[in-house]
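Worksheet: the structure to be examined is printed underneath.
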Amino acid sequence: MRKSIIVVGSGVAGMTAALEAADAYDVTLFTKADLAQSNTRYAQGGVAVVIDAMSDPGAPHLGDTIESHVGDTLVAGAGLSDEDTVRILCAEGPEAIDELIARGVPFDRHDGELSHGLEAAHTYARILHAGGDATGAGIAYALIDRLRESTVTIRERTTVVDVIVEAGQAVGVRLLDGEDVRADSVILATGGAGQLFPYTTNPEVATADGLGMALRAGAVAADLEFYQFHPTSLDAPGNFLISEAVRGEGATLIDVDGKRFMLDVHPDAELAPRDVVARGIAAQMAKQPGIPVRLDATALGAEFLAKRFPNIDAACRAQGFDWGEVPIPVTPAAHYYMGGIRTDEWGRTSIPGLYAVGEAACNGLHGANRLASNSLLEGAVYGTRVIEGLNDPAPLAEFDSDWTAPIALDLADDPDGDDVNRSDLQQLMWDAAGLSRNGEDLERALATLSEWRAPVATDAKSAEDANLLVVARAVVASAMARRESRGGHYRTDFPESDPAQAKHSSIAPQHA
Ligand SMILES: Cc1cc2nc3c(=O)[nH]c(=O)nc-3n(C[C@H](O)[C@H](O)[C@H](O)COP(=O)(O)OP(=O)(O)OC[C@H]3O[C@@H](n4cnc5c(N)ncnc54)[C@H](O)[C@@H]3O)c2cc1C
C-alpha cells in the first residue's frame, strides 16, 4: 500500500513538495484560502540562482559560481547562517530552477536567453524574474496548473488547526470543523508570520499557523528573534512594497514639516543600509504619532515614475495616491521571517513524522538576516529535499555546538485573562518586538501577552489568533534571551554584536 502524506500550504514550498511526492505517495494538500493565496504569489523581484550551473539552453554564462552565491548568503546572515544548508541551497538551486521551468514557470527571456538582474548584496546578476516584477505570481500559477493536473487531492479553503501527535509521533492533522485526517507524514509549509505586526507586506494568510501548531505539538523552534523589516511600504491597506530603487532614483523621506529626517540619522541618509533606514523611519513615526512619514518622489515626475515603476505606480493610484504630485505615506513593514520550526537539511523537525519547509521552517540557512531573493529558491530546493528525506524518517539530530539549548516557552494561558485581540497584539509586537527592542519593553510585553488567553478555535480567525499569541510569546522570549544586536534583531540596550553569542537560538514548550 502507498504511504500517505499531508502537505499544509500552497506556496512554492508546499506545492513543490506535493508535486515531488505525487508519483510515489497518496498526497493531500490543505490550504486555508484558495491555492493562490500565499506570500509566494506576492513575491516581486525574483529568484536568485547560479544561472551558469543551470541546464536550460537559454542560461547565459556570467562567471558566477556556487562558492560566490554561498559567500554572499553567509555575509547577509551576519555570522549565523548554517554553511551546510546554505551550500545545499546554492548547489541544488540550479536544478530546482530548471525543474520550475519544466513545470511551466515563464521566467522572462530576451531572444531566448534568460533575463537576469543584479540585486544589492549579490556579487553577480543572478536574479531571474517573471512578468518583470511579478515573479511570485509566475511561479504560483504554473505550479497550481501542474497541481490541478496531478493526482494530489487538493482541499482549498480548509484551515488546519493542529498537528495530531500520538506516542511522540505526528500522525495527522485536525481541521477547523473537527475532522481528523491521518497520514504517515505531515509537512508544514504554512509560510510566514507577517500578521504578528500591524504593518506587513505579507498577505492576510501569513499568521504563523504552522509555527503555532508545531509549538503546541511540542516541537522545537529556532531563531525566532530574527525578523526582516522592509523600510518602505505604502502606509495603506495591504502595505504594498515600495522598492528601494525609488530612493535610489532620488526620492527622499520627509517628516511632518517636510524636512528630510534621515540626514540627521546617517551620512548616506535615505540610502543608508536597509535596517538603518527602517529604524530611522520608525523613530520618526514615534516622534509624530498618528502622522505618517512621507516618501517624496515628486521631483522625479509622474511620467518617469509610471515608466520606471509601473507596478508601484498602479498600486499607488489604486489607493488614490498621485505620487508624481504629492509625497506618499510610508512605513517600515514586517517582510520575512528568518526564524521558524527548527529543521535539519531534510526538513525533519524534533517530532518524528513532522516536517517543515519554506518560510515556516528554520534550518539555519538565513542566519540572522536573509539575502534578498533566496527565499523562493529555498522553497523550490527544500520542497524537493523534504520528499527525498522521507526515506529516512529519523527525527532531527541532537543539538550541536552551533545551537543554544532550547529556552523554555510557557504555553499556559491565564484562565482569568481576556481573549487576545489581534490589533492589540500587533501593536504590542510593533512597539516592543519590532525594529528596535530593549529588555524593559520586552519584559513588559511578555507579561501582557501572558495575561491574554488563546481563543477557542471556532472560526478561521480565532484559530489564527491562537497561533499568533503562542508565537508572539515565543518571539518576545527569544528576543529577551539574545542580549546583543545582530541582523534582524536590534536591541538599544545591547547595540553591538557579541561574538560569544554567535549561535542559533532555540525554544521549546515547557512540557516538551
Ligand atoms: C511582497 C513580497 C515580496 C517578496 N519578494 C520576494 C522576492 O522577490 N524573492 C524572494 O525570494 N522572496 C520574496 N518574498 C518572500 C517569499 O515570497 C516567501 O518567503 C516565500 O514565497 C514563502 O513560500 P512558502 O511556500 O514557504 O510560504 P507561502 O508562499 O507563504 O505559502 C504558505 C501557504 O500556507 C497556507 N496556510 C497557512 N496556514 C495554514 C493553515 N492553518 N491551514 C491551511 N493552509 C495554511 C497559506 O494559505 C499559503 O498557501 C516576498 C514576500 C512578499 C510578501
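On full extension, the segment bounded by residue 303 and residue 268 gains 9.9 nm, given 0.36 nm per residue less the C-alpha separation.
How many angstrom lie between the C-alpha centres of region 142-175 and region 347-390? Spelled out, the Cα-based centre of one part sits 17 Å from the other.
For every helix of n ≥ 4 consecutive DSSP H residues, a contribution of -39,500 (n - 2.57) applies; sum these over the chain, divide by its total residues, and give [θ] at 222 nm rounded to the nearest 500 deg cm²/dmol. Before the final figure, lay out each step's value.
Working: 14 runs with 166 residues, N = 512.
One gets -10000 deg cm²/dmol as the mean residue ellipticity at 222 nm.
Under a model in which nothing but the beta-carbon of Lys, Arg (+1) and Asp, Glu (-1) is charged, region 172-327 shows a dipole of about 140 debye around its Cα centre. Each of 299, 181, 208 was placed along the dipole of the chain (beta-carbon charges, centred on the mean Cα), and the one lying farthest toward the positive end is 299.
Hey, what's region 235-332 come to in accessible area per residue, 1.4 Å probe, Å²? Provide the component values of the computation, followed by the final result.
Numbers: 4730 Å² over 98 residues.
Heavy-atom SASA per residue in region 235-332 reads 48 Å².
Among 317, 155, the order of accessible area from largest down is 317, 155, computed with a 1.4 Å probe on protein heavy atoms.
Using alpha carbon centroids, what distance separates region 259-278 and region 328-343, in Å? Between the Cα centre of region 259-278 and that of region 328-343, the gap is 20 Å. What is the pair-distance distribution P(r) of the chain, computed from all Cα-Cα distances in 20 Å bins starting at 0, with each bin given as a whole percent? Percent of Cα pairs in each bin: 24, 59, 17, 0.
In whole percent, what relative contact order does region 378-476 give with Cα contacts below 8 Å and a gap of six or more residues?
Details: 70 pairs, mean separation 28.8, N = 99.
Relative contact order for region 378-476 comes out at 29 percent.
Under a 1.4 angstrom probe, counting protein chains only, how are 232, 123, 201 ranked by accessible area, largest first?
From most accessible down to least: 123, 201, 232.
For region 403-509, with every protein chain kept in place, what is the accessible area per residue (1.4 Å probe, Å²)? Numbers along the way, then the final one.
Numbers: 4580 Å² over 107 residues.
I get 43 Å² per residue for this part.
Obtain the radius of gyration and the Kirkwood radius of region 403-509 from its C-alpha atoms and give Rg over Rh. Please report the intermediate quantities before stating the final value.
Working: Rg = 14.5 Å, Rh = 14.5 Å.
Rg divided by Rh gives 1.00.
Computed 3J(HN,Hα) for region 424-432, one whole-Hz value per residue from the Karplus formula 6.51 cos²θ - 1.76 cosθ + 1.60 where θ = phi - 60°, is 5, 4, 4, 5, 4, 5, 5, 6, 9, glycine and proline marked x. Per atom type, region 77-211 shows carbon and sulfur on 46% of its accessible surface, probed at 1.4 Å.
For region 30-121, what does the convex hull of the Cα positions come to per residue, in cubic angstrom? If you can, show how the numbers build up before the last one.
On the way: hull volume 12.8 nm³, N = 92.
Enclosed volume per residue, from the Cα hull, is 140 Å³.
The residue list 477, 58, 147 was ranked by how far each Cα lies along the charge dipole of the chain toward its positive end, using unit charges on Cβ atoms, and 147 comes out on top. Of all DSSP bridge pairs formed entirely within the chain, close to 60 percent run antiparallel.
Element breakdown for region 245-373 at a 1.4 angstrom probe: carbon and sulfur atoms account for 52% of the accessible area.
If we count every other residue with Cβ under 15 angstrom of residue 58's Cβ, Lys/Arg +1 and Asp/Glu -1, where does the sum land?
Values: positive: 109, 126; negative: 52, 56, 98, 108, 111, 113.
That works out to -4.
Only Lys, Arg, Asp and Glu carry charge here, each on its Cβ (+1 for the first two, -1 for the last two); on that basis region 25-184 has a dipole of about 500 debye about its Cα centre. Straight-distance candidates among the lysines for linking to residue 461, with alpha-carbon spacing under 26 Å and chain neighbours fewer than 8 residues away dropped: 32.
Placing unit charges on the Cβ atoms only, positive for Lys and Arg and negative for Asp and Glu, gives the chain a dipole magnitude near 460 debye about its Cα centre.
The values are calculated or read from the model by the stated rules, or taken from the named source; none is laboratory data. Every value quoted in this text rests on a predicted model; they were computed, and no experiment measured them. A quick note on method: Cβ atoms are made from the backbone with ideal geometry, for glycine too, and the neighbour counts reach across all protein chains shown. We work out accessible area using only protein heavy atoms, side chains counted, and drop any ligands, DNA or RNA first. Shrake-Rupley method; radii C 1.70, N 1.55, O 1.52, S 1.80 Å.
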